[in-house]
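Derivation of every value follows stated rules applied to the coordinates shown; laboratory data play no part. Keep in mind it's a predicted model, so treat the numbers as computed, not measured. Using ideal geometry, Cβ is built from the backbone for each residue, glycine included, and neighbour counts are taken over all protein chains shown.
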Amino acid sequence: MRRFILPFLVLFAFISESSFAHLVHFPFLGEDYLYIPRFVLIFVIFITVYLNRTQGMLFGLIFGLLQDVVYVEVIGIYLFAYGFLAYLISKAMKVLHGQIYIVIFLSTLAVAVLEFYVYGINYVIGTTKMSLYQFTTQRLLTTLGLNLVVALLFIFPLKSFLTKLKIAESED
């Protein structure tokens, strides 16, 4: 039964991304500002750090593909990005320690890399006309702020849950 809890939690994070984007509006932000929730990416990074690299990359590939199929016209953008970012985070964690501040920083850095990557792909194929200045001021900063707050709110419960799950898996 414990085996199915983690996929359902990540699926819930996936569904809550679109719900959050449609239902939550910040009145202090103007209409020109965009904020993109990246809850699944944060969850994948926490899985990579606190569980293991293989499961982090697997969840990244699966939910990246799901993100591509549901929301994007080009298949492979998120599929590649989520899996590759999970791999890079696992390599970084071999050098860095798993302190909470490091994990929060790497999560925020991964969101920034993903946003630049998606912006670059969209700019090259011509689906966005947003300049780099507009991108950084109207989308990147607000997206990083939102995802930083989400990572700060969920790191303690997810770390505890994933650590218990890792111990339970090692006992089986």
Selected residue (criterion: nearest to the chain's Cα centre (by Cα)) from residues of the range 114-163 that are assigned to a helix (DSSP H, G or I) and of a type in the set (D, E, K, R): Glu115
When the range 27-65 is examined, which residues are found to be exposed (fewer than 15 other Cβ atoms within 10 Å of the Cβ) and free of Cβ contacts under 8 Å to residues at least 60 places away in the same chain? Pro27, Phe28, Gly30, Glu31, Thr54
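Given the range 6-113, what helices (runs of 4 or more DSSP H) lie entirely inside it while holding 3 or more residues that are within 17 Å of Asn147 (Cα to Cα)?
Because the criterion is at least 3 residues that are within 17 Å of Asn147 (Cα to Cα), the helices (runs of 4 or more DSSP H) in the range 6-113 that meet it are 39-50, 77-95.
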